[in-house]
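Report on one structure; see the data block that follows.
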Amino acid sequence: MSQIAENLEFIRQRITAAAERNGRSAKEVKLVAVSKTYPPEVIREAVEAGQQCFGENRVQDALPKIDALPPDLEWHLIGHLQTNKVRKVIGRFALFHGVDNTALALQMNRIAGEFGVTASILLEVNVSGEESKFGFTPTSLPAALEELIPLPHLRIEGLMTMAPFSENPESAKPVFEGLRKLRDALSAASGHPLKELSMGMSGDFEQGIAEGATIVRIGSAIFGSR
Ligand SMILES: *Cc1c(COP(=O)(O)O)cnc(C)c1O
């Protein structure tokens with residue numbers, strides 16, 4: 001077994017165990033293998049080990065990899081997206097995790113309409129309030145949702161957040177709990193389900209799953225440290 005296959009197997013076991021500890025099923029948690037900085041040959045090893053869904057954070061790195069690999073893979077753009085790159089990415093990714101302002105979302109809706117497609121997105125929320133982080137503030141979300149939900153070429157699937165960097169994974173828990181509670185309140189108020197919660201990376205995905213993550217984004221624990 002390759003190192004990547006072994007790592008993937010171990011991560012899948014940990015996802016299953018974390019789900020079961022919290023009375024959930026591993027089927028409710030999607031693993032996005034974050035392949036940023038790794039070339040197509042390395043990604044292919046993960047494909048051979050059964051992984052179908054990959055996450056990239058930079059448009060200019062991602063597009064050539066998508067072109068180089070089999071067409072049946074599922075790609076997520078997990079990083080910040082600039083408004084001037086929207087035309088390059090619409091139709092190329094199954095889910096956009098880092099939609100962090102309304103101007104960007106409006107532009108995505110406009111270009112998706114031009115292309116005759118619908119873009120599935122997550123709204124990124126800066127739950128921790130760290131200045132270095134992208135995202136909607138929790139207080140700005142109700143108004144943003146009201147504006148974005150009616151747009152015909154966007155499908156708002158849920159919310160995404162990143163916890164502040166910490167040596168202690170438990171410190172991510174209140175941030176993830178905050179995202180879940182925000183989702184529960186917003187979906188009750190808007191009637192829009194916001195089913196997906198993208199939260200948890202290599203260092204804190206078990207805490208994400210404990211707090212209700214439906215998507216975890218795991219890079220270094222699969223591919224090695226960058
Ligand atoms: C790089 C990255 C990840 C994966 O981080 P690891 O610690 O390597 O698992 C997850 N989410 C985002 C937004 C990233 O940029």
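The values are calculated or read from the model by the stated rules, or taken from the named source; none is laboratory data. Quantities reported herein were computed from a predicted structural model and do not represent experimental measurements. Reconstructed Cβ throughout: ideal geometry from the backbone, glycine too, with neighbour counts over all protein chains shown. In case anyone asks, the SASA skips ligands and DNA or RNA and just uses the protein heavy atoms, side chains included. Shrake-Rupley method; radii C 1.70, N 1.55, O 1.52, S 1.80 Å.
Results, tabulated for the structure shown:
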quantity: Under 13 Å, Cβ to Cβ, from LEU122 - net charge with Lys/Arg +1 and Asp/Glu -1; calculated: +1
quantity: Residues GLU20 and ASP184, FRET efficiency given R0 of 22 Å [Cβ-Cβ distance, rounded to 0.05]; calculated: 0.45
quantity: Contour excess over end-to-end distance, with Cα ends at GLU28 and GLU41 and 0.36 nm allotted per residue; calculated: 1.8 nm
quantity: Lysines whose Cα lies under 20 Å from that of LYS88, excluding same-chain neighbours fewer than 8 positions away; calculated: LYS36, LYS65
quantity: Shape parameters for segment 114-182, alpha-carbon atoms, Rg then Dmax in Å; calculated: 14.1, 46
quantity: Segment 3-223 - percent of accessible surface contributed by carbon and sulfur, probe 1.4 Å; calculated: 52
quantity: Computed P(r) (all Cα pairs; segment 1-92; 5 Å bins; percent); calculated: 2, 13, 22, 20, 17, 12, 8, 4, 1
quantity: Stokes-Einstein translational diffusion, the chain - Kirkwood Rh over all Cα pairs, 1.002 mPa s, 20 °C, in µm²/s; calculated: 121
quantity: For the chain, calculated [θ]222 nm from helices alone, where every DSSP H run of n ≥ 4 adds -39500 (n - 2.57); calculated: -12000 deg cm²/dmol
quantity: Computed over the chain: relative contact order in percent, which uses C-alpha pairs under 8 Å that are six or more apart; calculated: 20
quantity: Additional length obtainable on full extension of the chain from THR102 to THR118, 0.36 nm per residue less Cα span; calculated: 4.1 nm
quantity: Dipole in debye (nearest 20) - the chain, about Cα centre, beta carbon charges: Lys, Arg +1; Asp, Glu -1; calculated: 320
quantity: Extension reserve of the GLU167-LEU73 stretch, reckoned as 0.36 nm per residue once the Cα distance is removed; calculated: 30.5 nm
quantity: Solvent-accessible area per residue for segment 3-223 (1.4 angstrom probe, square angstrom); calculated: 45
quantity: Distant-in-sequence amide H partners of ARG155 (H built 1.01 Å from N, under 5 Å); calculated: ALA119, SER120, ILE121
quantity: Charge context of GLN107, other residues only, Cβ under 14 angstrom, K/R +1, D/E -1; calculated: +1
